[in-house]
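Worksheet: the structure to be examined is printed underneath.
The values are calculated or read from the model by the stated rules, or taken from the named source; none is laboratory data. This one's a predicted model, so the numbers in the text were calculated from it and none came from an experiment. Here the Cβ is made from the backbone with ideal geometry for all residues, glycine too, and neighbour counts use every protein chain on show. When the accessible area is computed, the model is the full protein with side chains, heavy atoms only, and any ligands, DNA or RNA have been set aside. Shrake-Rupley method; radii C 1.70, N 1.55, O 1.52, S 1.80 Å.
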Amino acid sequence: MLTYSLDYESKWWLPVPAAFPTPEGLELEEWARGIAASSNLSAAWVDSPLAAQLPELLAAQVYGLDPGRSGALWYCPYGLPAAGVAQLFITERSDDDLLSPAEEIAALPSFVAVRPLEVRAAGLGEGVGYSRIVGDEQDGPTVAELGYVFTPPGARVAVIARSGDADSIGLMAPELWALVDSIVLERA
């Protein structure tokens, strides 16, 4: 079984439990209420008449995460609610059963051209980074995405950051790379 460790700056990122109830027994709604009460809030939410609904919004942001994720961190440069999310996906693989990262990324649909960029992370080795805009054909682009795919021996690692605001993805980029560069895989 593969596990991972990573470093992140708590002023930018808030880790989201992988599943609810948490190992401590917290249900999603209880966790969301605790996070709303103990974390920094964006200025727009501090004195807002909607502030009481923040735990519900946070729970909805958790429901929007991929259930197959290995981990997730909310990007909160302005405080809660999150301006974006980074999700981590780790799977085991044999060395002959997977497309290369560049081939995988080439197949991604996007409203703008997806241009792969070769990268090298300290703990994961060589990989490919990309950005894209995805959305509904009728309503137009809705989500900006910045991602990285790596295939170290015996594993596939994808880190995918998304936001409804392309500016937030641009702001997130340096902190996301620092997080990706810190990932270390371990066999349990």
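Criterion applied to Pro153, Pro141 was being within 21 Å of Ile105 (Cβ to Cβ), open to solvent by 60 Å² or more (accessible area, probe 1.4 Å) and at pLDDT 85 or above, and the one residue passing it is Pro153. The single condition among (1) in contact with a Lys or Arg (Cβ under 9 Å, 6 or more places away or on another chain); (2) open to solvent by less than 40 Å² (accessible area, probe 1.4 Å); (3) assigned to a strand (DSSP E or B); (4) not small (Gly, Ala, Ser) that Tyr148 does not meet is (1). A single member of Ala51, Ala37 is free of Cβ contacts under 8 Å to residues at least 40 places away in the same chain, hydrophobic (A, V, I, L, M, F, W, C) and open to solvent by less than 50 Å² (accessible area, probe 1.4 Å), and it is Ala51. Working only within segment 62-100, note down all residues that are open to solvent by 50 Å² or more (accessible area, probe 1.4 Å) and either in contact with a Phe, Trp or Tyr (Cβ under 6 Å, 6 or more places away or on another chain) or within 18 Å of Ser38 (Cβ to Cβ) (or both). Within segment 62-100, just Tyr78 meets the criteria.
For segment 102-130, a residue qualifies if it is outside any loop (DSSP other than H, G, I, E, B), surrounded by fewer than 16 Cβ atoms within 10 Å (Cβ to Cβ) and among the small types (Gly, Ala, Ser), and the qualifying residues are Ala102, Ala106, Gly125. Screening Trp31, Trp13 for residues that are crowded, with 18+ Cβ neighbours inside 10 Å and closer than 23 Å to Pro174 by Cα leaves exactly one candidate, Trp13. The selection criterion, being within 23 Å of Thr3 (Cβ to Cβ) and among the β-branched types (Val, Ile, Thr), does not hold for Val143.
In segment 156-188, the qualifying residues are those that are charged (D, E, K, R) and within 15 Å of the chain's Cα centre (by Cα), and the one that is surrounded by the most Cβ atoms within 10 Å (Cβ to Cβ) is Arg162. A search for C-beta distances below 8 Å between a residue of segment 156-179 that is closer than 15 Å to Ala121 by Cβ and any residue that is assigned to a helix (DSSP H, G or I) and open to solvent by less than 10 Å² (accessible area, probe 1.4 Å), counting only pairs 6+ apart in sequence or on different chains, returns Val159/Leu176; Val159/Leu179; Val159/Val180; Ala161/Met172; Ala161/Leu176. Residues in segment 3-30 that are more than 23 Å from Phe89 (Cα to Cα) and part of a helix (DSSP H, G or I): Glu29, Glu30.
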